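Everything below concerns the one structure shown next.
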Amino acid sequence: MSASQKILTGLESELVGLRDIYTELHRHPELSLEEHATSTLVAEKLTSFGYQVSRIGGTGVVGVLVNGDGPVVLARADMDALPVTEATGLTYASEVAGVMHACGHDVHVATLLGAAKLIAAGRDSWAGTYIALFQPAEEIGAGSQAMIDDGLVAAVPKPDVALAQHVMPLPAGTVYTTSGPVLSAGDSLRITVHGQGAHGSMPHMSVDPVVLAASIVVRLQTVVSRETKPGDFAVVTVGALNAGTTSNIIPDRATLLLNVRTYDTQVRDRVISSIKRIVSGECAAAGSPREPEFQFYDQFPLTSNDPTVTDRVTSAFTAHFGADAVHPAPRQTASEDFSRIPDAFGVPYTFWLLGGVDPETYRATALRGTVAQDIPANHSPAFAPVIDPTLSVGVQAHVVAALSYLADHPR
Ligand code: ZN
Ligand code: ZN
């Protein structure tokens, strides 16, 4: 019996308690940077499992279990919920008005706690150090950076590898891995362009920022369609365009909010410099009296899985779950702030996807070709991962991935 199989013999009896933890978390979601009850629960549990626990970055929690010489593995879960009103009708639906675990971070917390407990209980089967990290505020892209800014790198042993998973609208019982980019880099950009205000009846006295902003929006469509190499991935969305208040006043400025997604740092840099060039060029063409202003916010790094780590974890998953349950992960256009943590330590990582949809439902909708319409995705008010086997598979994935490193050095 392998070390992870030995450790996972304890899983069945843990699942009852884990389901309770999960439904408790789901009933009481907490918004980004407000994960007080969640982080208290996590800290108490980790302490009771025998971990050395520290609070880092406000509501962030890290548990360290040193178990002799060997590799250091860091596994991460995020804890925050979203400002969404739950519409699942589940018996354990959110009891907090306007707040919901609509991205499944409650699954991440419960499964990492389950794995942390089993790995601690099975410490005779491995050697090294296991670090269970619970970060706040993933949804606003601020939590991993908050932990780093608060001294995470100096506070825990340097990992050799970092691991994380995300529950997705894919069939439960399966995991999805891929080398290279798996989640996009995300950049939000607030652009202010300046005009010359005037009475609506006297356009000749104005530099009209409404016309200026409109031509910027049109010209920005060419960044992806004409400037980005076919086959390279980029998204440029103008999500908001605001100018003026009434019909008979030409305003003196316009504001545009842009969202950019890319899988490649060079593509990202080129897209952003194209945006700046187009905005500045259109301002010059309009005779804008002042330089445009560019302000970045809600920035997410690229998540690009290390091939060596991913191969090792994928082989371990395939050996454990069987080839039918391990698939290549489809690239997601969504973004995550997990990779800042391994990047801060300068270590490789892999981030895999965990199925959360009842497999029968998934198969039926896939046959009808209506998965995208009929299965609520992350951030939907109807997002509802099935508890079984999602929690069990999530715990197993964490244990198997960690043990693919830690079990090389049995005590
Ligand atoms: Zn999310
Ligand atoms: Zn998420």
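The values are calculated or read from the model by the stated rules, or taken from the named source; none is laboratory data. Just so it is clear, the model here is predicted, and its values are computed rather than measured. Using ideal geometry, Cβ is built from the backbone for each residue, glycine included, and neighbour counts are taken over all protein chains shown. We work out accessible area using only protein heavy atoms, side chains counted, and drop any ligands, DNA or RNA first. Shrake-Rupley method; radii C 1.70, N 1.55, O 1.52, S 1.80 Å.
Things worth noting here:
- Residue identified as surrounded by fewer than 21 Cβ atoms within 10 Å (Cβ to Cβ) and under 30 Å from residue 251 (Cα atoms) among 364, 284: 284
- Which numbered condition residue 116 misses (of (1) away from ligand 2 (no atom under 16 Å from the Cβ); (2) surrounded by 18 or more Cβ atoms within 10 Å (Cβ to Cβ); (3) assigned to a strand (DSSP E or B)): (3)
- Counted residues, segment 63-93 - those being within 16 Å of ligand 2 (Cβ to nearest atom) and of a type in the set (Gly, Ala, Ser): 3
- The number of residues in segment 135-149 that are within 12 Å of residue 339 (Cβ to Cβ), within 13 Å of ligand 2 (Cβ to nearest atom) and surrounded by fewer than 24 Cβ atoms within 10 Å (Cβ to Cβ) comes to 1.
- Across segment 294-337, the qualifying residues are those that are among the acidic types (Asp, Glu) and within 16 Å of ligand 2 (Cβ to nearest atom), and the one among them that is modelled with the lowest pLDDT is 298.
- Selected residue (only one of 329, 284, 334, 323 is free of Cβ contacts under 8 Å to residues at least 12 places away in the same chain and in the same structural domain as residue 386 (by TED's automatic domain parsing)): 323
- Meets criteria (part of a loop (DSSP other than H, G, I, E, B) and among the hydrophobic types (A, V, I, L, M, F, W, C)) for residue 309: no
- Every pair of residues 6+ apart whose Cβ atoms lie under 7 Å, when the first sits in segment 104-122 and is farther than 14 Å from residue 352 by Cβ while the second is within 16 Å of ligand 2 (Cβ to nearest atom) and of a type in the set (S, T, N, Q): 109/38
- Scanning segment 265-304 for residues that are acidic (Asp, Glu), in a helix (DSSP H, G or I) and within 30 Å of residue 341 (Cα to Cα) gives a single hit, 269.
- Residue 161 within 16 Å of ligand 1 (Cβ to nearest atom), hydrophobic (A, V, I, L, M, F, W, C) and in the same structural domain as residue 62 (by TED's automatic domain parsing): no
- Test: residue in segment 79-98 that is in contact with a helix residue (DSSP H, G or I) (Cβ under 7 Å, 6 or more places away or on another chain), assigned by TED's automatic domain parsing to the domain that holds residue 128 and β-branched (Val, Ile, Thr): no
- Check on residue 223, open to solvent by less than 30 Å² (accessible area, probe 1.4 Å), under 26 Å from residue 331 (Cβ atoms), at pLDDT 95 or above and assigned by TED's automatic domain parsing to the domain that holds residue 269: yes
- Residue within segment 390-407 that is within 16 Å of ligand 1 (Cβ to nearest atom) and not in a helix (DSSP H, G or I) present: no
- Flag if residue 376 is in a loop (DSSP other than H, G, I, E, B) and either closer than 28 Å to residue 233 by Cβ or open to solvent by 20 Å² or more (accessible area, probe 1.4 Å) (or both): yes
- Residues that are touching a residue at least 60 places away in the same chain (Cβ under 8 Å), out of contact with any His (no Cβ under 9 Å at 6 or more places or on another chain) and farther than 16 Å from residue 399 by Cβ, drawn from segment 71-87: 72, 85, 87
- Which listed residue is under 30 Å from residue 178 (Cα atoms) and in contact (Cβ under 8 Å) with a residue 40 or more places away in the chain, from 260, 236: 260
- Verdict on residue 384 being part of a helix (DSSP H, G or I) and assigned by TED's automatic domain parsing to the domain that holds residue 335: no
- Count - residues of segment 39-63 that are outside any strand (DSSP E or B) and in contact (Cβ under 8 Å) with a residue 40 or more places away in the chain: 10
- Residue within segment 339-349 that is modelled with pLDDT under 95 and within 19 Å of the chain's Cα centre (by Cα) present: no
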